[in-house]
Structure formats: C-alpha cells, structure tokens
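Student: Below is the structure I would like to discuss, written out as structure tokens.
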Amino acid sequence: MLEVRNLSLRFPNFSLRRVGFSVAVGEYFVLFGPTGSGKTLLLELIAGLRRPDEGTVVINGVNRTFADPSVRRIGYVPQDLALIPFKTVWKNMAFGLSSRPFRPAGKSKRSDEGIRERIEEMLAMLKIEHLAQRMPSSLSGGEKQRVALGRALVVQPDLLLLDEPLSAVDENTGDVLMREIRALQRRLGITTLHICHRREEMRFLADRVGVLRDGEMTIHNPSEI
C-alpha cells in the first residue's frame, strides 16, 4: 500500500536522511522514537503537506511524491486534531466529505443522501451518534479524538495516518482509545501508519515498527524494542 524510497528533507539543524520502508495492505505500522526524531515530518511528507528534497512516495502503486494531498486517498489525524471549532460534529464530518472526491458504495456519484448515510454509519461505528450536534469546545479529549478519527475515516481512505492520537488524553482514556482504534482498524482492514513515543502503546498496536533516531530509520518487530 505504501512505499517510501530514499526520502530526504534537509533543514539547517535537522535532516531526514534517505528514509525507506514499506507498509503492506492492512498492516498497522508504528513510527516510534523520541521527540524531535522526525516522525511528524515524515508523516507530513507522506501526506503531501511537505515536499522532499529527494526520494519517492508511492501509494497504492502510484507515485504521489508531488501530488496534491486531496488525490492521495489518505485519512490524516494531526496531533492537534484540527477540528473546526465553529462547526458541529456532524458538519466536521461532512467537511471531510465535501473537501475531496467521495463516491458512496453502489452509487455512481456523490449525493446528499449518500453523504448523510456515510456520516451516520461512521458516527454509529465510533459510538458518538449522541454528539452529532455538539460543538468541539463541549467535548472531552476522548470525544474529540473519536470525532477526528471519524472525519479521517468517513472519506474511505486507502491509508490512515495518525500523529500521536493518544497524547492529549489521560492514561485511562488513552488505554480505552488504543483498544478501540486497533479493533476498528482490524474491522475495516485499513492500512495504518501511527506515530507514538510510548513503548506500551507501540507494542499493543504495531505489526511492525519503524524506529526513527536523528532522522534515520531502522525496522523492527515490536517485541524487539
């Protein structure tokens, strides 16, 4: 599903250096490492939010290195979640659908009915139907994470990118969300790339792990770390 080949990006005080790895269809791949190791930078390159100095990003067999983010078929949850504060949960979900191509299953083109059905399906899947008309400012940390995850998944992406999705919640909430995310990923079979720095989170979630240190990556099984 994802191939990263010799990806490099240089700054005066830090560089990603010829990073290469692949993620299989349906795999849960964790990017693990200390703060400042380049994890978010690498995710932004894959998402198309930055352009590399060299190297290639291939998604689902297509070279997307310099393609617009909207055509990469990626669902992205940034660390700050980026929920729109003046829109309800429902409208945050609808924004994800209206801002990129989406075809409801069994329909030749997008329709208001198809969008409504898709949002209702995702709200139910995440057990947040009761939050549909709430504003982000009224939600708990865990509820905000579920909404951000739903907005990323509602567009039916090929690849899900999660940047420290559990960092802003307490440990108990994080443990619950960790299990929910893994169960949902298995249910949907979606290829997932997840950033974290907690060892227990990495070991619970990962099929394989890419360890980033000082802009360079090594690949491991979770039990090896």
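The values are calculated or read from the model by the stated rules, or taken from the named source; none is laboratory data. As the structure is a prediction and not an experimental result, all values here were calculated from the model. Cβ sites come from the backbone with ideal geometry, for glycine too, and all protein chains shown count toward neighbours.
Student: Any idea which of (1) surrounded by 13 or more Cβ atoms within 10 Å (Cβ to Cβ); (2) modelled with pLDDT of 90 or more; (3) assigned to a loop (DSSP other than H, G, I, E, B) is the one P85 doesn't satisfy?
Tutor: (1)
Student: Name, by its number, the condition in (1) surrounded by 12 or more Cβ atoms within 10 Å (Cβ to Cβ); (2) part of a loop (DSSP other than H, G, I, E, B); (3) not β-branched (V, I, T) that does not hold for P12.
Tutor: Going through (1) surrounded by 12 or more Cβ atoms within 10 Å (Cβ to Cβ); (2) part of a loop (DSSP other than H, G, I, E, B); (3) not β-branched (V, I, T) one by one, P12 breaks only (1).
Student: Output the residues belonging to segment 182-225 that are of a type in the set (A, V, I, L, M, F, W, C) and over 26 Å from S15 (Cα atoms).
Tutor: Residues satisfying the conditions are A183, L184, L188, I190, F204, L205.
Student: Do we have any residue at all in segment 62-79 that's in contact with a Lys or Arg (Cβ under 6 Å, 6 or more places away or on another chain) and under 30 Å from E120 (Cβ atoms)?
Tutor: Yes, that holds for at least one residue.
Student: I've got another one for you. With respect to G141, determine if the residue is among the small types (G, A, S) and crowded, with 19+ Cβ neighbours inside 10 Å.
Tutor: no
Student: Checking the condition under 26 Å from Q156 (Cα atoms) and at pLDDT below 95, which residue from G61, G33, G38 passes?
Tutor: Answer to the selection: G61.
Student: What is the residue count in segment 118-140 for residues that are in a helix (DSSP H, G or I), of a type outside the set (K, R) and either within 14 Å of N92 (Cβ to Cβ) or at pLDDT below 90 (or both)?
Tutor: Looking only at that region, the number is 7.
Student: From the list L149, L193, exactly one residue is in contact (Cβ under 8 Å) with a residue 60 or more places away in the chain, within 22 Å of G48 (Cα to Cα) and in a helix (DSSP H, G or I). Which is it?
Tutor: L149
Student: Condition first: touching a strand residue (DSSP E or B) at 6+ places or on another chain (Cβ under 9 Å), crowded, with 16+ Cβ neighbours inside 10 Å and charged (D, E, K, R). Can you find one or more residues in segment 185-193 that meet it?
Tutor: no
Student: Further question: Condition first: among the basic types (K, R) and surrounded by 15 or more Cβ atoms within 10 Å (Cβ to Cβ). Now tell me which residues in segment 204-225 satisfy that.
Tutor: R208
Student: Exactly one condition in (1) among the β-branched types (V, I, T); (2) surrounded by fewer than 20 Cβ atoms within 10 Å (Cβ to Cβ); (3) in a strand (DSSP E or B) is not met by T35; state its number.
Tutor: (3) is the only condition that T35 fails.
Student: Let me ask you something else. Determine whether F29 is of a type outside the set (V, I, T), under 18 Å from N221 (Cα atoms) and surrounded by 21 or more Cβ atoms within 10 Å (Cβ to Cβ).
Tutor: The answer is yes for F29.
Student: When the residues of segment 61-82 are narrowed to those that are under 16 Å from the mean Cα position of the chain (by Cα) and assigned to a loop (DSSP other than H, G, I, E, B), which ends up surrounded by the most Cβ atoms within 10 Å (Cβ to Cβ)?
Tutor: R72
Student: Quickly run through segment 167-210 and pick out the residues that are hydroxyl-bearing (S, T, Y) and farther than 18 Å from L43 by Cα.
Tutor: Within segment 167-210, just T173 meets the criteria.
Student: Follow-up question, since we're still on this one. Sort out which residues of segment 152-181 are touching a helix residue (DSSP H, G or I) at 6+ places or on another chain (Cβ under 7 Å), within 19 Å of R118 (Cα to Cα) and part of a loop (DSSP other than H, G, I, E, B), and write them in order of number.
Tutor: V154, V155
Student: Related question: I'd like the full set of residues that are surrounded by 17 or more Cβ atoms within 10 Å (Cβ to Cβ) and farther than 16 Å from A152 by Cα, limited to segment 114-135.
Tutor: G114, L131, listed by residue number.
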